[in-house]
1. Given a 1.4 Å probe and the protein chains all in place, what does the accessible area of A:His206 round to, in Å² to the nearest 10?
2. Calculate the FRET efficiency for A:Val48 and A:Lys139 from the Cβ-Cβ distance with a Förster distance of 45 Å, rounded to the nearest 0.05.
3. May I ask you to give the solvent-accessible area per residue for the protein assembly as shown, in square angstrom, as obtained with a 1.4 angstrom probe?
4. Between their Cα atoms, which of A:Lys99/A:Lys138; B:Lys16/B:Lys155; A:Lys68/A:Lys411 are more than 23 Å away from each other?
5. At q = 0.14 Å⁻¹, what base-10 log of I(q)/I(0) does the Debye formula yield for chain B when every alpha carbon is treated as an equal point scatterer in vacuo?
6. Roll a 1.4 Å probe over the protein heavy atoms and report the accessible area of A:Ser349 in Å², nearest 10.
7. Using 24 Å as the Cα-Cα cut-off, could you pick out the over-long pairs in A:Lys341/A:Lys414; A:Lys69/A:Lys452; B:Lys68/B:Lys158; A:Lys155/A:Lys187?
8. Report the trypsin sites (Lys or Arg not before Pro) located in the range A:220-316 that are in a DSSP loop and have at most 15 other Cβ atoms inside 10 Å of their Cβ, or state none.
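The values are calculated or read from the model by the stated rules, or taken from the named source; none is laboratory data. In this text, all values refer to a predicted model and were calculated from it rather than measured experimentally. Here the Cβ is made from the backbone with ideal geometry for all residues, glycine too, and neighbour counts use every protein chain on show. When the accessible area is computed, the model is the full protein with side chains, heavy atoms only, and any ligands, DNA or RNA have been set aside. Shrake-Rupley method; radii C 1.70, N 1.55, O 1.52, S 1.80 Å.
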Amino acid sequence: MESLQEWLYFFFYVVEKNEIMNKVNFKILPDELLLKNGKIIDPFIDKVYTGDIFIDKGRIGDPSKQTKKTKIIDCSGKIITHGFCDIHSHFREPGREDKETLETGSLAAMAGGFTRVCVMPNTHPPIDTPELIDFLSKKSKSYPVHVHPIGAVTKNQDGKNLTEMGLMKKQGAVAFSDDGLPIQDGKVMRMALEYIKPLDLPIINHAEDVCLRSDGLMHEGLVSTNLGLPGNPDFAESVMIHRDLELASFTGSKIHIPHVSAEKSVAQISKFKTQFKNVSSEVTPHHLYFNDEALSSFDTNFKVAPPIRTENDRLSLIEGLKSGVIDCIATDHAPHTLEEKETTFDLASCGMIGLESCFGAVYKVLVYQNKFKLLSLIKFLTINPRNVMGFDSNLFSYEKTAEIVILDERKKWKFTEDSIKSNSLNSPFIGEELIGRIEFTISKNQIYSRTKLDI
Amino acid sequence: MSLKNRHLFGLKDYPKKDIESILDLAFKFREVLDRPIKKVPSLNGLTVVNLFFENSTRTRISFELAQKRLSCDTVNFSASSSSLKKGESFKDTAQNIEAMKIDAVVIRHPSPGAPKTLSKFIKSIIINAGDGTHEHPTQAILDMMSLKEKFGFLKGLKIGIIGDILHSRVALSNIYGLKTMGAEITLCGPPNLIPEFLKDLGVNINYDVDEVIDWADALNVLRIQRERMGIGLVPSVREYRNFFGINQKRIEKHKKDIVIMHPGPINRGVEIDSAVADGQNAIILDQVLNGVASRMAILFLLCGGKK
């Protein structure tokens, strides 16, 4: 807890939401808690060791200071590591609380091992003023994860007029993006990148040339041809990435490329990264897990933007993580109602929820199938995204507010509807067998436990 | 005799044996259509709904006639007269109609995949009568029947498909069906309207229509929609006619009989001239009659088991 105000928010939250909290296995941390005998992975110091983590009133403490009152969670056989950080989520508040709220999104994040989430501004209204940033910052204070608003680059996401980015930063904006509505006008993108330079925050541009995308509904290729669905070619993305990287290298500003989906895009980023330090990029679990063959079922849960592409693209994204061209994993958690997905493919909304299936999916693809080290995977979910956003990433030193995840590395489990904490159920991972399961998440003096916890 | 799949969504990966069964039965029903009394009691007592979310004259009448010749009860639903305009969802419309106890649905819809989506909402047997730019399997069956009627075989036949392949469900279903039956296919039309990916399905692409006429035993000439003219896809009618239009002069130059097909409706003077469409090598009206027989065969094979 960082301040009295935060404590008060939290207090009222607990009183009001006690019932919900119990139902979904959320509890307030005991004063002293020992995470005993786990395999500790600290990505900040690049070390894996067996040991204990002591949490004293919500902060990391010295294990030797435990007392008789100290509650214990036996972590033998489990991994203890930094709480995950998702830099690309949609919590839909304000405007579409039927899909997700800051609260339900936070609960979903906790269940997925995330303790820190950056939320995109494409709400109703879009987050394009310092007042709206302030609303999000204040409202999310009482919820169990740290929620950071991303502000819009242009007013009403119109792609024309810059927002008050300076004032928005003062209220807590951590980055700027017109997500969902890519900035098409190159001059506006240049202005935004130049303007943001002294703020030292990244601009995140959903990289897509909307003219090249046209009415495309899925990746343009043999599968789209077979299905008769209009295609969205890979170069609609890579062309825009090229433009954005040219501009950012000219202005020297920070740029972050979200949800990279194509081999051509990896190549573009790779080329620029050798000469230019301020570029970073992310990939989603679903682009790592699925290829466009999955769309043959016309299942609208596979409809996402950018589209899921070919097996070759998928393999190049994995390679991109391996080589460091892609910095981190971000979920692009995009909740939609059943009504918006239960329709024909052309009319269905784009996006899938992703927070709760993330770890099981990426562990399966990267560690189980592609022999990544667990430590590398943990970095893609912790220090790497934190570095992109400029967050503190030294989480296990004493006095730090505890942000911890405890997971069962090799556990095979089925992702099912009834476990979902999000307000929405739009996920093609439902029914999939995933590997690696979140057991506990600790954040902001609260603990999520997958099963009933007696402490 | 029954088919492997319960529904007819498309001809991709459709079993060859089942296409043969449909064609064999279609020829038998074709004989029925030549009798003075053209009705058989095969599907007496079954109810089929023709669910048309997109305009159609030929296909809808063809299905309706096929159903009537088989003695089943039919109900027609078209989007313009429906509650869809009042904002009712696709799912609600489908479930409401099924709640009235029906056995099969013939669906036409502008969205690719709509028949498959429909199958998640209702339990009836579903027949795709054209879903956007995806498939039109009954058209391909009647095209194959017409070719078989003309040539006696399909294996090794050389078929040229001319026109806007990218937006054509007829082309896609023809490709799948004809490839399964062992025919050879060459696609021809403006390059921006032919997806290169189709080469992976084992078809040829040739942008020179005269070469294709020289090569082919039959041409399937697709309708070029006038609304696609002049919006960046096809520069003008004149340009299209000049490079891809099927006219008498072009046909005569090749000094051979070449069978002319067209799925209709024809844009006379655009993709095909009247002289060719009405000429002795055209089997366009045979296609229409075979459409009824083919759809009778499909309905019988899919729904007959229900009786």
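1. Per-residue accessible area (A:His206): approximately 10 Å².
2. Working: r = 38 Å, r/R0 = 0.84.
Here the calculated transfer efficiency is 0.75.
3. Numbers: 30030 Å² over 762 residues.
For the protein assembly as shown, the per-residue accessible area is 39 Å².
4. Numbers: A:Lys99/A:Lys138 21 Å; B:Lys16/B:Lys155 12 Å; A:Lys68/A:Lys411 33 Å.
Exceeds cut-off: A:Lys68/A:Lys411.
5. Those come out to -1.06, one per q.
6. Answer for A:Ser349: close to 30 Å² accessible.
7. Working: A:Lys341/A:Lys414 22 Å; A:Lys69/A:Lys452 20 Å; B:Lys68/B:Lys158 35 Å; A:Lys155/A:Lys187 16 Å.
The pairs that break the limit, which is 24 Å between Cα atoms, are B:Lys68/B:Lys158.
8. Values: sites: A:Arg243, A:Lys254, A:Lys264, A:Lys271, A:Lys273, A:Lys277, A:Lys303, A:Arg309, A:Arg314; in loops: A:Lys254, A:Lys277, A:Lys303, A:Arg309.
The qualifying sites are A:Lys277.
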